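Report on the structure given below.
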Amino acid sequence: GEAYTVRVGAQDGDGTPVGVTLAFRTARPAVEGGRLTAEFGPRPGTYGAGQIVTAELSRPVPADAPEVRARVEQALQVTSEPHVEGAWHWVDDATLHFRPRTYWPAHTVVRVRSGLDGLELGDLGYGGPSEPLEFTVADRIEAVTDSAAHEMTVRRNGRVIRTIPVTTGKAGFLTRSGIKVVLGKEAKVRMRGDTVGIQKGTKEFYDLPVLYATRVTWSGEYVHAAPWSVAAQGEENVSHGCTGMSTEDAAWFYETVREGDIVEVVNSGGDRMSPFDNGFGDWNVDWRTWLAGSALTPAAAQPAPRTDTAASRLDPTT
């Protein structure tokens, strides 16, 4: 799918310049969708120590093409300062996630680059250019909620900076257990029971304006201000699954955390946070299982062959 111009110049035996210009175009890839590229996430910026790197491919690479998956994965390069042990994991045929073995160290600089451009991918044609990504990691903020103790402990770089009385999900609405990652923050959000399957007109239905809402799942679990349940906070669990706290504490939490920060819930009795379909639950996957989701093996650690012009040579006698 590229156009080329070749200009050849020389001199004859009398010193007279001679030459020719040739122009040609290579055929477009036969594979529908063009060359394979990757779109990396998150956006450039500063994130928490639990931030996951994502790569969305422009078209799927099926699991029954393990050699191609290995080439693609090896071409997606993640480097960091300081260096960490990490790996890609295939979430589905067109999505990969990268995470370190443990959380990113505070103040890490992460760079993500694609080496797909010009890479031969068998029946999938060739790779194309992708935009690189760089982001930084802030202080390591971890918020751990013990639902049985009705208390959240917030640490910065390992040191406790605040202990907050909370209420979490009551019977029938138990808060998901496990590790979640902050997905975003909304200063004010309207919460309605029917968005999570609670029918209007039933006793459990609610329709509330909520302040200082920090989102941790796509399905609607937040850490937020709950002034209507202050009497229960620190004493019992009365929510529909979110973590509620006083307006003052929620405002502090909202201002303290950022996308990528770690929010863990223990002793809730709720279902375990799923790894990939409701936010970033990647940290709930043990390291051995995470590595099993990579297409690379020790034998695949050698650089994949390339077909770009930087690696090619021209023989003028041919």
Checklist line | Antiparallel DSSP beta bridges within the chain, as percent of all bridges there, nearest 5 | finding: 80
Next item on the list: Whole number in Å², please: accessible area per residue of the chain, 1.4 Å probe, ligands, DNA and RNA not counted.
Entry: 53
Next item on the list: Could you work out the per residue convex hull volume over the alpha carbons of region 38-137, in cubic angstrom?
Entry: 85
Next item on the list: Let me have the relative contact order for region 38-137, percent, based on Cα pairs under 8 Å that are six or more residues apart.
Entry: 34
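May I ask for the percentage of alpha-carbon pairs in region 141-293 that lie more than 24 Å from each other? Don't skip to the answer; put the middle values down first.
On the way: 3188 of 11628 pairs.
That fraction is 27 percent.
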Notebook entry, point to check: Taking a temperature of 20 °C and a viscosity of 1.002 mPa s, what whole-number D in µm²/s does Stokes-Einstein yield for the chain with Rh from Kirkwood over alpha carbon pairs?
Noted result: 95
Note to self: So if I take the alpha carbon set of region 83-185, get Rg, then get Rh from the Kirkwood formula, what is the Rg over Rh ratio?
What the structure shows: 1.11
Note to self: What is the angle, in °, between the Cα long axis of helix 66-75 and the longest principal axis of the Cα atoms in the chain? Nearest 10 is fine, range 0 to 90.
What the structure shows: 90
Check: For region 70-121, what ratio Rg/Rh do Cα atoms give with a Kirkwood hydrodynamic radius?
Finding: 1.00
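Which percent of the accessible area of the chain is formed by carbon and sulfur heavy atoms (probe 1.4 angstrom)?
Numbers: 8500 of 16840 Å².
Solvent-exposed carbon and sulfur of the chain make up 50 percent of the total.
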Checklist line | GNM top mover of Thr256, Thr26, Thr145 - the chain, alpha-carbon springs below 10 Å | finding: Thr26
Item checked: Spatially proximal aspartates and glutamates relative to Lys203 (Cα-Cα < 14 Å; intrachain offsets below 8 disregarded) -> Asp194
Notebook entry, point to check: Given Cα pairs under 8 Å that are at least 6 residues apart, what percent is the relative contact order of region 141-293?
Noted result: 34
Next item on the list: May I ask you to order 260-268, 206-214 by the average number of other C-beta atoms within 10 Å around their residues, highest value first?
Entry: 260-268, 206-214
Check: Which whole-number percent gives the relative contact order of the chain, counting Cα pairs below 8 Å spaced six or more residues apart?
Finding: 19
Next item on the list: Starting from the Cα of Lys180, draw a straight line to each of the lysines and keep only those under 20 Å, dropping any in the same chain fewer than 8 residues away.
Entry: Lys170
Next item on the list: Please give the helix 247-256 orientation as an angle from the longest Cα principal axis of the chain, in degrees from 0 to 90, rounded to the nearest 10.
Entry: 20
Next item on the list: Please give, to one decimal in nm, the separation of the simple spin-label points placed at Arg7 and Ala94, each 7 Å out from Cα toward the Cβ.
Entry: 4.2
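The values are calculated or read from the model by the stated rules, or taken from the named source; none is laboratory data. Since the structure is predicted, the reported quantities are computational estimates derived from the model, not experimental observations. Positions of Cβ are backbone-derived with ideal geometry, glycine not excepted, and every protein chain shown enters the neighbour counts. The area values use the complete protein model at the heavy-atom level, side chains included, leaving out ligands, DNA and RNA. Shrake-Rupley method; radii C 1.70, N 1.55, O 1.52, S 1.80 Å.
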